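Worksheet for the structure shown next.
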Amino acid sequence: MNLFKRVLKNGWKNFSGSFGLSFATVFVMILVISTITILYFLNPISDMLVKDVEEKVDVSVYFKEETDPEDILEVKSEIVKIPEVEEVNYISKEEAFESFMDRHKEDHILIDSLAEVGYNPFLASLSVKAKEASRYEQVAVFLETGPFKELVDKIDYHQRKPVIEKVFAFTKGVKNIAFFFSMVFGIIALIIAFNTVKIAIQSSKEEISIMRLVGASNWFVRGPFIIQGLIAGSIAALITFVLTFVASHFLDSNISSIIPSVSLLGIFSSNLLALLLIQLLSGAILGTASSLIAVRKYLKI
Amino acid sequence: MISVKDLTKIYPSKSSVPAVALNEVSFDIKEKEFVSIVGKSGAGKTTLLKLILAEEEPTKGQIFFQGQDIGQIKRSKLPFLRQKLGVVFQDYKLFPSKTAYENVSYVMEVMGASGEEIERDVPKVLDLVGLSDKAFNLPSELSGGERQRVAIARAFVHRPDVILADEPTGNLDPYNTFDIIQLLIKIYEMGTTVVLATHDKEVINSLGKRVITLDQGRVVRDDKKGRFVL
């Protein structure tokens, strides 16, 4: 117990005794934890961006003029059963007509010419949304070759196929790039943090060898450095947490004006505990692991 | 207490001739003995003390401390050996960021002593070495002689079985040298075994105690009441 108390006390002394080095360590750790935090935020932001784009993609199936709405609803219930199909919406002839009129109410020539036709030329349709581009192909094949093929007039999949595939390839690319940068920045951050701690401990190289020679066990030598790292990591985490809040607060409206579906404050408040935990854990792990590895080198006496 | 058997230490060297620091050295040191190891620079005195402290490993031979072969002690168990020894170095090896008091108390902390024990023993030992008034000075604020006295206080505070002193007066003037040797004699008289490595002729001749003389890594003399003869 005495030993444990001493290790804690000496760790605090190490930290408070070398203000300049501790300040530098905390500062670098704030940078590292901020990088981790940005990567943490980037994930929901890129998800939302991708979702935004993907939501704009769908495939419509048009049914022949004389098809009974009951039959269409039956087709709908079959399509829903296909895995990875997210949403199927039924648009009746009337709804299609109304939405067209609504969309083009400014365009009098178009409205007039539609009135000339004298009847509703629009077809009832199902609008299908899937999670993956490949699923659209499956829906198209199912409708063109399955039991309902007589009912189907047209599927706009084939003409939209290149666009759909491009969109999905793009969103996949965005996710991959985000992942790649997360890894690269994460590793760079780790190396910087580790080297800062290493330099801090290097200045104690001589002291570590004296400690060993006067009979200190490895844990008695290591302990204070680990505590020192832990303190630096935790302080850095708490400062970063406050900085994250301040940054989310001030950048919220800026980001929302560019990407309306993204709210930084929203992400911050809905992930409050997880974020604090991640920041504290990153700080603690960074501090202790770097100290452990850096001290190890000098304990061979 | 300490038994050295056929101890050889050879350092790898860039030249074709390897550096032989110790060559089949054997002797015994009894409990409560004051032994001086003398010899010119490079005779192997420091190497011998480093091997006893297990700071280095012998090339051949063994050292027994209280019947235990030091070479067989695992690295993780070395602290227990070192806690039974007190070491004084020529360059003091004090913790530069700790005060005299903290330098001395650190050894007791290492051994798990309680706060009360530390508060009781450290001032006593600092008083013994005559540094009560400098207890809260950093090593950089002390003279060479004072630093060495702190080092002796640190080596002695936990009442080790043996004190190993490696050229403790090497960096000191004659006045401080006399003081330090008087301190070592006092500690010896309190019942501690003292092993003193030195090349200081005056010191050896004034002691009138056992002298082991090393020359080129070999024991050339071992006299009960020796003088400095080389």
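The values are calculated or read from the model by the stated rules, or taken from the named source; none is laboratory data. Note that the structure is a prediction, hence the values are computed from the model and not measured. Cβ coordinates were reconstructed from backbone atoms using ideal geometry, including for glycine residues, and neighbour counts include every protein chain displayed.
Summary of computed values
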| quantity | calculated |
| --- | --- |
| Lone unmet requirement of (1) under 19 Å from B:T192 (Cα atoms); (2) among the hydrophobic types (A, V, I, L, M, F, W, C); (3) out of contact with any Leu (no Cβ under 9 Å at 6 or more places or on another chain) for B:V20 | (1) |
| Some residue of region A:60-69 being surrounded by 14 or more Cβ atoms within 10 Å (Cβ to Cβ), part of a helix (DSSP H, G or I) and touching a residue at least 24 places away in the same chain (Cβ under 8 Å) | no |
| Yes/no for A:Y157 being within 28 Å of the chain's Cα centre (by Cα) and of a type in the set (S, T, Y) | no |
| Failed condition for B:N137, given (1) modelled with pLDDT of 90 or more; (2) away from chain A (no Cβ under 14 Å); (3) surrounded by 17 or more Cβ atoms within 10 Å (Cβ to Cβ); (4) in a loop (DSSP other than H, G, I, E, B) | (3) |
| Residues of region A:254-301 that turn out to be of a type outside the set (D, E, K, R) and in a loop (DSSP other than H, G, I, E, B), as a count | 9 |
| Those residues of region A:170-191 which are at pLDDT below 80 and not basic (K, R), in sequence order | A:F170, A:T171, A:V174, A:A178, A:F179, A:F181, A:S182, A:F185, A:G186, A:A189, A:L190 |
| Every residue from region B:62-75 that is within 14 Å of chain A (Cβ to nearest Cβ) and touching a residue at least 24 places away in the same chain (Cβ under 8 Å) | B:F65 |
| Condition check for B:L78: within 24 Å of B:G217 (Cα to Cα) and either within 14 Å of chain A (Cβ to nearest Cβ) or out of contact with any strand residue (DSSP E or B) (no Cβ under 9 Å at 6 or more places or on another chain) (or both) | no |
| Hits in region B:103-150 (condition: within 20 Å of B:T169 (Cα to Cα) and of a type in the set (V, I, T)) | B:V104, B:V125, B:V129, B:V150 |
| Pair list, Cβ under 6 Å, 6 or more apart: region B:47-61 residue in a loop (DSSP other than H, G, I, E, B), other residue hydroxyl-bearing (S, T, Y) | B:T59/B:T8 |
| Residue in region B:118-132 that is crowded, with 19+ Cβ neighbours inside 10 Å, in a loop (DSSP other than H, G, I, E, B) and not assigned by TED's automatic domain parsing to the domain that holds B:T46 present | yes |
| Residue under evaluation A:T196, criteria (1) more than 14 Å from every other protein chain (Cβ to nearest Cβ); (2) surrounded by 12 or more Cβ atoms within 10 Å (Cβ to Cβ); (3) free of Cβ contacts under 8 Å to residues at least 40 places away in the same chain; (4) of a type in the set (V, I, T), criterion not met | (3) |
| All positions within region A:21-43 that are surrounded by fewer than 17 Cβ atoms within 10 Å (Cβ to Cβ) and farther than 16 Å from A:F180 by Cβ | A:F23, A:A24, A:F27, A:L31 |
| Filter result for A:S234 (within 24 Å of A:F19 (Cα to Cα), without any contact (Cβ under 8 Å) to a residue 60 or more places away in the chain and either over 21 Å from the mean Cα position of the chain (by Cα) or surrounded by fewer than 21 Cβ atoms within 10 Å (Cβ to Cβ) (or both)) | yes |
| Residue in region B:15-32 that is within 12 Å of another protein chain (Cβ to nearest Cβ) and not in a strand (DSSP E or B) present | no |
| Close pairs from region A:202-223: first more than 10 Å from every other protein chain (Cβ to nearest Cβ) and over 19 Å from B:D161 (Cα atoms), partner of a type in the set (G, A, S) and assigned to a helix (DSSP H, G or I), Cβ under 7 Å, at least 6 apart | A:G223/A:G11 |
| Residue selected from region B:76-117 under the condition without any contact (Cβ under 8 Å) to a residue 24 or more places away in the chain and not in a loop (DSSP other than H, G, I, E, B), by the criterion farthest from B:A155 (Cα to Cα) | B:S76 |
| Some residue of region A:289-296 being over 35 Å from the mean Cα position of the chain (by Cα), surrounded by 14 or more Cβ atoms within 10 Å (Cβ to Cβ) and either closer than 23 Å to A:G20 by Cβ or free of Cβ contacts under 8 Å to residues at least 12 places away in the same chain (or both) | yes |
| Region A:68-92, residues that are farther than 19 Å from A:L123 by Cα and basic (K, R) | A:K81 |
| Unique residue being modelled with pLDDT of 80 or more and either farther than 23 Å from A:P69 by Cα or surrounded by 12 or more Cβ atoms within 10 Å (Cβ to Cβ) (or both) when the list is A:E95, A:E165, A:E84, A:E132 | A:E95 |
| Number of positions in region B:92-123 that are among the charged types (D, E, K, R) and at the interface with another protein chain (Cβ under 10 Å from one of its Cβ atoms) | 5 |
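Here is a yes/no grid of residues against (1) over 26 Å from A:Q279 (Cβ atoms); (2) out of contact with any Lys or Arg (no Cβ under 8 Å at 6 or more places or on another chain):
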{"site": "A:G20", "(1), (2)": "no, yes"}
{"site": "A:L39", "(1), (2)": "no, yes"}
{"site": "A:V53", "(1), (2)": "yes, yes"}
{"site": "A:D58", "(1), (2)": "yes, no"}
{"site": "A:S77", "(1), (2)": "yes, yes"}
{"site": "A:K81", "(1), (2)": "yes, yes"}
{"site": "A:Y90", "(1), (2)": "yes, no"}
{"site": "A:A96", "(1), (2)": "yes, yes"}
{"site": "A:M101", "(1), (2)": "yes, yes"}
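A quick yes/no check of all residues on (1) in a loop (DSSP other than H, G, I, E, B); (2) hydrophobic (A, V, I, L, M, F, W, C); (3) touching a residue at least 24 places away in the same chain (Cβ under 8 Å):
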position: B:Q148; (1), (2), (3): no, no, yes
position: B:A155; (1), (2), (3): no, yes, yes
position: B:H158; (1), (2), (3): yes, no, yes
position: B:L164; (1), (2), (3): no, yes, yes
position: B:N176; (1), (2), (3): no, no, yes
position: B:Q182; (1), (2), (3): no, no, no
position: B:V194; (1), (2), (3): no, yes, yes
position: B:K225; (1), (2), (3): yes, no, no
position: B:L230; (1), (2), (3): yes, yes, yes
